[in-house]
Amino acid sequence: MPGGSCPTVGIAGLTLGGGVGVVSRAYGLTSDNVQSLQVVTADGQVRTCNSSTNADLFWACRGGGGGNFGVATSFTFTTHPAGEIILFFLSWPWSQAAPGATAFVHRNALFQAQYTTTWPVGSAPAAVSRQHAWQQSYWQSMRPYASGQAYQNYIDPALTNWRQAYYGANYTRLTQVKATYDPDRVFTFPQAV
Ligand SMILES: Cc1cc2nc3c(=O)[nH]c(=O)nc-3n(C[C@H](O)[C@H](O)[C@H](O)COP(=O)(O)OP(=O)(O)OC[C@H]3O[C@@H](n4cnc5c(N)ncnc54)[C@H](O)[C@@H]3O)c2cc1C
């Protein structure tokens with residue numbers, strides 16, 4: 001199944017927010033390969049979600065982001081054969097699904113860019129600040145070439161228009177699912193639906 005490209009990432013958060021990996025162009029997002037999942041919702045119920053049962057929650061749990069709708073306790077995935085030699089696919093479009101097919105809206109993006117910076121443990125605060133400043137200025141320089149969308153699994157606390165950036169036209173539907181399954185906002189964080 002198509003996972004992320006980094007071994008330290010947990011399957012639940014990866015899947016709930018979308019899940020972009022090296023074979024995603026061939027097999028879709030991690031979340032595109034979920035057949036069914038179980039979610040404990042705010043009312044304490046264990047709910048099976050798939051295309052015929054709790055279909056709205058199933059839609060939201062494929063790209064709507066972790067920590068929003070309940071606690072996912074199990075996933076059932078579609079798997080694909082992997083031979084001894086693994087090939088990497090780079091062909092467009094990167095997924096056949098429409099932007100509204102699941103909560104993951106960024107189906108028409110050509111690529112995503114990730115800006116990272118690292119420093120040795122124990123670095124001086126001034127050096128760390130310089131790294132941050134470099135990263136911020138690089139991000140700023142790339143703005144003219146970016147769509148303004150942002151991947152909800154690369155959560156960015158500085159993003160003020162995160163609703164539009166993470167979810168675009170899907171945001172309204174996500175708020176409806178939220179109101180159905182978590183009306184008292186038991187599950188929340190600063191950028192929660
Ligand atoms: C080093 C690194 C590499 C990455 N590489 C990739 C990559 O290749 N592709 C990609 O798509 N993304 C990648 N990401 C982003 C990654 O998908 C997100 O950070 C994702 O949220 C990680 O999920 P987690 O369960 O490990 O994280 P956590 O920090 O444990 O969880 C993230 C969010 O999901 C919620 N959550 C976690 N478990 C559950 C659950 N069982 N039910 C409900 N909510 C839950 C948490 O409350 C939190 O809000 C990377 C991140 C890092 C740090």
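Please count how many residues of the range 56-91 are within 15 Å of the ligand (Cβ to nearest atom) and modelled with pLDDT of 95 or more. Even if it seems obvious, please write down each step before you answer.
Step one: of the range 56-91, the residues within 15 Å of the ligand (Cβ to nearest atom) are 57-58, 60-77, 88.
The next check asks that each one be modelled with pLDDT of 95 or more; those that pass are 57-58, 60-77.
Looking only at that region, the number is 20.
Can you pull out the residues in the range 1-45 that are over 21 Å from ALA192 (Cα atoms) and of a type in the set (A, V, I, L, M, F, W, C)?
Answer for the range 1-45, where residues must be over 21 Å from ALA192 (Cα atoms) and of a type in the set (A, V, I, L, M, F, W, C): MET1, CYS6, VAL22, VAL23, ALA26, LEU29, VAL34.
Residue check, THR53 against (1) near the ligand (Cβ under 10 Å from one of its atoms); (2) under 21 Å from VAL177 (Cβ atoms), all met but one. Which one?
Just one mismatch for THR53, condition (1).
Would you confirm, using the coordinates I've provided, whether GLN140 is in contact (Cβ under 8 Å) with a residue 40 or more places away in the chain, surrounded by fewer than 17 Cβ atoms within 10 Å (Cβ to Cβ) and not aliphatic (A, V, I, L, M)?
Details: in contact (Cβ under 8 Å) with a residue 40 or more places away in the chain: no; surrounded by fewer than 17 Cβ atoms within 10 Å (Cβ to Cβ): yes; not aliphatic (A, V, I, L, M): yes.
It is false that GLN140 is in contact (Cβ under 8 Å) with a residue 40 or more places away in the chain, surrounded by fewer than 17 Cβ atoms within 10 Å (Cβ to Cβ) and not aliphatic (A, V, I, L, M).
Starting from residues that are in contact with a helix residue (DSSP H, G or I) (Cβ under 8 Å, 6 or more places away or on another chain) and modelled with pLDDT under 95, keep the ones in the range 1-23 and report whichever is surrounded by the most Cβ atoms within 10 Å (Cβ to Cβ).
Checking each candidate, the answer is PRO2.
The values are calculated or read from the model by the stated rules, or taken from the named source; none is laboratory data. Just so it is clear, the model here is predicted, and its values are computed rather than measured. Every residue, glycine as well, gets a Cβ built from its backbone with ideal geometry; the counts of neighbours run over all protein chains shown.
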